[in-house]
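These notes concern the structure reproduced below.
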Amino acid sequence: MAVEQTKAVLQLAKATRRYGNRAALDQVDLELKESEVYALIGRNGAGKSTLAKAAIGALTLDEGSVRVLGADPSRDRYVRREIGVAPHEIALYLHLTVAENLDVFAALAGVSRARRVSAVARAMDETVCAGRAAERLENLSSGWRRRANLAAAIVHRPRLLVLDEPTEGLDTETWLILRRLIARLRADRTAILLISHNAEDVAVLADRLGVMEAGRLMVEGRPTELMARAFGGRTELVVRLSDAAPSVEPILTARGLAASDQGLCWSGMVVDALAQAREIEMALRSVDVELRELAVHPPGLDALIDWATGSVGA
Amino acid sequence: MILVMVRVMALGLWRDRAGLVLVFVLPPLVFIVFATVFSAGASGRLDIRVGVVDQIGGADSQRLVYSLQRRLGGRLTRSPNVAALEDAIESGRVDAGLVLHGDLADAPTPATVLIHPGRKAAGEILIAQVNAAAGENLPELMLRREVARLDPLLALTPDQVRRSARMPLGLASTPPFAAQRVLPGGDPLVIYYAGAVSILFLMFTAMQGAMSLIDERRAGLWLRLGLSTGGVAPLLGGRMLWLTALGVIQALVLFQVAAVVYGVPVLTNLAAWSATAVCAAAASAGIALALAAACNTREQAQPVSTFAFLILAAIGGSMAPRFLMPEALQTLGWLTPHTWVIEAYQTVLWRGLVNATVLEAWTVLASFAGAGFLAALWFEARRRL
């Protein structure tokens, strides 16, 4: 049986970039294949944006290499037309209309004059912003601006798309548009590097996930696999009390919960959280302590980052 | 790619009404103010207000006052006494005063001009007006004074002196020793200020446009623009081209006003004027782009450029005429584009020449443009690394 080989669109090998003594990127290896969505998460200053800039050739490396479709984007200009980027900011000219903006960025990406009209129309259709084509950006709401920002990133049909926090501040409708767009781009064999803090983005959109800290890629893998590795079957259990009482301490610490908020809040990662919650409720009732809240949360990205950075450091 | 950036910037200005006013309306207005002030001073049309005290009250003195009144129009007022006149001068109600206190025909100095120490020029103008009024309307009086002055030297006979005193009224005034002819080619100070104001505003206009670089950086646009297949050079080249074109249009508007209002001969020297305008606009664009590329934020660029441009304008002669400056400052002025622009426009429009000075000015301005553009490229390339 013939196995279809998927091509690497983005490759970083031992990518290192220093600012003085601080390494913004430290020996990062990363490979992104066509049709793949790779989500990058990490705390502020972890190196995500530096990695994104390196990927599109906007900065040069002190060590290592970056290749987009086999070429160095910081030197080989021709490959830049294969890259699209939607920065976190609305990177568009506010005094131009949506259509004018797209026309400008299509032209700068090398789309010929003859193909530009259809390219602009298609990008507006895919991001559902054709209805505002003739309106200036300065007159549009933030949701419409985000759609136009996305449209400008795809107007020249890039093979590598870098999206920096694309869903921040999005309404549900625009989020669904983005989801459909990513599905279509993936079908079109576009590789997508997604920088996000949103757990839903990562869970729904990403094929693979990488956690960055201090310029290093600490762990990577499929989101579900990483969650399983990090937390097993554990989920977060949160207990809030009306009053702090010494009698609750042995009950809660025995179940692996830790106190905060002057003993009013207890939380921890536990196995079989629902059963534990029932036991805690009964135990607290027996010592006559009033319960304000008892909640079970699936672990979020922050917990995953904590796990990734803590586990490697250990 | 260059034209794409030109279009982006042109639409930016076109859709900014306040920006259009600042670029195209303010410079001609400022020029008109400067030109009105300085051309009036240079062409002898300074309108001074004069107070007069006639302590003699004779026929000759009254004729002199009447003659002055005709020359000065409603700007001559009579004061009852010297104290009142001094008070009027000190309070600024009049610029200078004239006291007629001696026999106009015989007294060696029959009149005194009173001047405020802060307005000495007004005194000089009043003395000239008094001499002109006396020469034109009291020629026989002036003749009698000359006869009295020459008598000891020429030893005139009593009969000759009598005959000179009987000279009829209405004797034709003495023809001037030298006639006056105003040369064509426009008022040099008007041309000076057209050039001076033009380069002053070119700098600020170019800087406003160049600061779009900083805005783009802040908005993340530069990251997206950086993906353009042409690299940084066309992106900056488009800006350079637009800012130069904008500068030429701005200069065209300003000099058109100068041509219509003051008769500055732009059309008759159109080719040389155009070359000067292009060089001046390109120099401003280059310097502004270099400054904008060197600065990280608008908050940094705004004071740095204002400081630099005002200093350059002051040294280069955009604020006060260079010929009023000390020698050292005039020499320092040659380091600024302002001096070269002013010199080139003056030579081209006033003297009607394209000589070595003009060619040198064009070369220097083109060098400012080239050096500025290269510096901007270098700063932007460094920023990307």
Next on the checklist: Given the options A:V162, A:V128, A:V104, A:V111, name the one that is within 13 Å of chain B (Cβ to nearest Cβ) and assigned to a loop (DSSP other than H, G, I, E, B).
Outcome noted: A:V111
Checklist outcome for this item: The condition of being surrounded by fewer than 16 Cβ atoms within 10 Å (Cβ to Cβ), assigned to a strand (DSSP E or B) and not assigned by TED's automatic domain parsing to the domain that holds A:T309 holds, among A:A13, A:A24, only for A:A13
Item to check | Residue tally, condition away from every other protein chain (no Cβ under 13 Å) and under 22 Å from A:S196 (Cβ atoms), over segment A:57-70 | outcome: 1
Checklist entry - Do we have B:V99 as crowded, with 18+ Cβ neighbours inside 10 Å, within 14 Å of another protein chain (Cβ to nearest Cβ) and either out of contact with any Pro (no Cβ under 9 Å at 6 or more places or on another chain) or at pLDDT below 85 (or both) here? => result no
Checklist entry - Which of the following residues is farther than 19 Å from A:G215 by Cα and away from chain B (no Cβ under 14 Å): A:V37, A:V79? => result A:V37
Checklist entry - Has segment A:48-56 got at least one residue that is more than 10 Å from every other protein chain (Cβ to nearest Cβ) and not aliphatic (A, V, I, L, M)? => result yes
Next on the checklist: It is to be established whether one or more residues within segment A:131-149 are in contact with a Lys or Arg (Cβ under 6 Å, 6 or more places away or on another chain) and buried (at least 24 other Cβ atoms within 10 Å of the Cβ).
Outcome noted: no
Next on the checklist: Can you say whether B:T268 is surrounded by fewer than 18 Cβ atoms within 10 Å (Cβ to Cβ), more than 30 Å from B:T357 (Cα to Cα) and away from every other protein chain (no Cβ under 14 Å), as far as the supplied structure shows?
Outcome noted: no
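The values are calculated or read from the model by the stated rules, or taken from the named source; none is laboratory data. In this text, all values refer to a predicted model and were calculated from it rather than measured experimentally. Ideal geometry is used to build each Cβ from the backbone, glycine not excepted, and the neighbour counts take in all protein chains shown.
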